[in-house]
Amino acid sequence: MRPINENSGRETRLYELLRQATETVMKKKMQKPADFDMLHEKVFERTRVMISSSTLKRFWGYMQSDHSPSTQTLDTLAKFCGYTDFGAFGQKPFNKEEMPSCPLLGNHIDVAENLEVGDEVTLYWLPDRTCHVRYEGDTQFVVTSSENTRLRQGDTFRCNVIIEGEPLYLNHLVQDGRPPVNYSCGRQGGVLFKTNRRD
């Protein structure tokens with residue numbers, strides 16, 4: 001199912017390769033609405049460019065469209081995969097074994113896949129911030145202790161991925177019973193992390 005109006009065989013192939021590269025970074029196939037919602041979130045976290053879930057669905061052929069993907073959509077997905085833009089992606093077609101260095105493929109934690117309930121993670125970021133969190137399951141964490149941060153023991157938040165050297169975006173942060181907010185850590189220099197498996 002490929003309703004996108006692609007102009008040439010080369011474009012068709014490059015679009016398919018870009019989909020494959022994105023799914024390789026995500027470590028999952030885009031097959032259901034929740035997958036596109038997650039991709040929408042990850043793309044924004046990595047590139048700070050918003051691509052709607054519906055736009056992503058159209059690019060994957062999950063929703064019908066008579067239009068080719070925009071330059072911004074193609075460039076943003078290419079950047080998400082570690083390329084400078086879609087032109088650079090086309091210069092060196094995707095090869096899973098030769099993808100450029102990308103934090104999402106480097107030292108990172110894919111929360112749902114890499115952590116078990118009870119695992120502890122220590123987060124560090126500049127200038128002297130330290131935060132200890134425990135994984136509660138379903139991408140939710142609770143803060144167990146912290147030093148020099150606005151996060152406090154008992155705070156809870158959701159997070160799908162922790163990338164070394166990148167800012168960490170906390171979703172649905174709840175503090176002292178107040179309405180949930182979003183919060184970022186390590187906007188300058190990113191975060192470092194250490195994991196401690198439960199006994």
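FYI, it's all coordinate maths here, none of it is from the lab. Only a predicted model underlies this, so the values are computations on that prediction, with no experimental measurement involved. Don't worry about glycine lacking a Cβ; one is built from the backbone with ideal geometry, like all the others, and counts go over all protein chains shown.
For the pair residue 196 and residue 117, label points projected 7 Å from Cα toward Cβ lie 2.1 nm apart.
Ignoring trypsin sites (Lys or Arg not before Pro) that are buried or in helix or strand per DSSP, and keeping those with at most 16 other beta carbon atoms within 10 Å, what is the longest stretch of the chain between them? Please list the in-between numbers first.
Numbers: sites that count: 27, 28, 29, 48, 150, 152, 187, 197, 198.
Value returned for the longest uninterrupted segment is 49-149.
With charges set only on the Cβ (+1 for Lys and Arg, -1 for Asp and Glu), what does the dipole of the chain come to about its Cα centre, in debye to the nearest 20?
Values: 26 positive and 27 negative charges, 65 e Å.
Taking the Cα centre of the chain as origin, the dipole is about 320 debye.
Against the longest alpha carbon principal axis of the chain, how many degrees, from 0 to 90 and to the nearest 10, is the axis of helix 33-47 turned? Around 80 degrees separate the two axes. For the chain, the share of alpha carbon pairs falling in successive 5 Å distance bins from zero is 1, 7, 15, 18, 17, 14, 10, 8, 5, 3, 1, 0 percent.
Seen from all sides and averaged, what is the projected area of the convex hull of the Cα atoms in region 107-179, in nm²?
Values: hull surface 18.8 nm².
Over all viewing directions, region 107-179 projects a mean Cα-hull area of 4.7 nm².
Model label sites at residue 32 and residue 17, defined 7 Å from Cα along the beta-carbon direction, differ in position by 3.2 nm.
How far, in nm, would the chain grow between residue 128 and residue 147 when pulled straight, counting 0.36 nm per residue and subtracting the alpha carbon separation?
On the way: separation 19, 0.36 × 19 = 6.84 nm, distance 0.80 nm.
Length gained, residue 128 through residue 147: 6.0 nm.
Segment residue 63..residue 171, full-extension length gain: 36.1 nm, with 0.36 nm per residue of separation and the alpha-carbon distance subtracted.
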